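The values are calculated or read from the model by the stated rules, or taken from the named source; none is laboratory data. A quick note: this is a predicted structure, and the numbers were derived from the prediction, not measured. Positions of Cβ are backbone-derived with ideal geometry, glycine not excepted, and every protein chain shown enters the neighbour counts.
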Amino acid sequence: MNPTYDHAAARAHLLAADPVLAAVVQAGRPIPPTPHEDLYLALLRAIVSQQISTKAAAAIWQRVTSLFLPEGYPEPRALLALREDELRAVGLSRQKAGYLKAIADYNERGQLDYEHLTSLSEEAFTQHLTAIRGVGRWTAQMLQMFALDQPDVFSEGDLGVQNAMRRLYNLEETGRALQKKMLLIAETWRPYRTLACKYLWQYLG
């Protein structure tokens with residue numbers, strides 16, 4: 001996987017590849033490149049944010065970082081040293097507290113090396129991250145799309161992408177049949193399916 005790509009070339013490709021998506025891109029706002037983030041930190045934030053509102057996630061994340069003053073950075077060893085009740089006191093469930101510790105342990109064992117992870121294929125990257133307790137395929141894909149700004153990730157299981165494509169392409173299928181149809185449509189978007197997904201989310205507003 002190439003850690004950087006030309007967003008202008010990606011937009012031009014999508015405009016030429018698919019007239020339905022082209023209308024969405026032309027009507028939408030420009031989507032700039034996202035800066036590459038600390039993958040360990042991005043994973044922690046993704047877990048904190050799971051299944052709660054953006055506002056609630058921001059509040060809990062602020063309380064989590066307050067445990068690591070003065071810098072506010074949850075160094076893996078410091079995070080592993082915290083008791084479960086200390087993590088639960090800032091608003092984390094028992095399950096999420098365990099997931100954060102699992103991520104810290106994975107990082108401590110050298111399993112979140114940026115250079116190595118950005119050299120992996122999408123599937124290999126997903127398999128590597130989903131070995132961490134609490135990290136699923138969707139989370140791995142979101143990290144590729146946003147934390148690493150990888151160019152060709154397609155999240156056929158994402159509800160927003162599904163809803164946008166159902167509406168735009170008049171898809172009536174459900175379940176695996178729907179995902180199979182989505183993958184076929186998205187073939188023309190390669191090698192820039194990430195930007196296509198971002199425009200689909202923008203389209204939903």
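Residues that are exposed (fewer than 15 other Cβ atoms within 10 Å of the Cβ), of a type in the set (Ser, Thr, Tyr), in the same structural domain as Pro19 (by TED's automatic domain parsing) and farther than 15 Å from Tyr40 by Cα are absent from the range 120-140 altogether. Against the numbered list (1) crowded, with 18+ Cβ neighbours inside 10 Å; (2) of a type in the set (Ser, Thr, Tyr); (3) closer than 28 Å to Lys198 by Cα, Tyr114 comes up short only at (1). Screening Tyr73, Tyr5 for residues that are of a type in the set (Ser, Thr, Tyr), surrounded by 12 or more Cβ atoms within 10 Å (Cβ to Cβ) and farther than 19 Å from Pro191 by Cα leaves exactly one candidate, Tyr73. Flag not set for Thr54, criterion: buried (at least 16 other Cβ atoms within 10 Å of the Cβ) and of a type in the set (Ser, Thr, Tyr).
Tally up the residues in the range 82-99 that are in contact (Cβ under 8 Å) with a residue 24 or more places away in the chain and either farther than 17 Å from Ala42 by Cβ or of a type in the set (A, V, I, L, M) (or both), please.
Within the range 82-99, the subset in contact (Cβ under 8 Å) with a residue 24 or more places away in the chain is 90-92, 95-96, 98-99.
Then drop every residue that is not either farther than 17 Å from Ala42 by Cβ or of a type in the set (A, V, I, L, M) (or both), which leaves 90-92, 95, 98.
Here the count works out to 5.
Among the residues of the range 100-108, some residue qualifies, meaning at least one is surrounded by fewer than 21 Cβ atoms within 10 Å (Cβ to Cβ), touching a Lys or Arg at 6+ places or on another chain (Cβ under 7 Å), in contact (Cβ under 8 Å) with a residue 24 or more places away in the chain and not charged (D, E, K, R).
Let's see how each residue does on (1) in the same structural domain as Asp158 (by TED's automatic domain parsing); (2) acidic (Asp, Glu); (3) touching a helix residue (DSSP H, G or I) at 6+ places or on another chain (Cβ under 9 Å):
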{"site": "Leu43", "(1), (2), (3)": "no, no, yes"}
{"site": "Gln51", "(1), (2), (3)": "no, no, no"}
{"site": "Ala57", "(1), (2), (3)": "no, no, yes"}
{"site": "Leu67", "(1), (2), (3)": "no, no, yes"}
{"site": "Arg77", "(1), (2), (3)": "no, no, yes"}
{"site": "Glu84", "(1), (2), (3)": "no, yes, yes"}
{"site": "Val90", "(1), (2), (3)": "no, no, yes"}
{"site": "Ala97", "(1), (2), (3)": "no, no, yes"}
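Of His13, His36, all but one fail to be out of contact with any strand residue (DSSP E or B) (no Cβ under 6 Å at 6 or more places or on another chain) and assigned to a helix (DSSP H, G or I); the exception is His13.
When only residues in the range 68-81 that are within 17 Å of Ile47 (Cα to Cα) and in contact (Cβ under 8 Å) with a residue 12 or more places away in the chain count, which is farthest from the chain's Cα centre (by Cα)?
Residue satisfying both the conditions and the ranking: Leu80.
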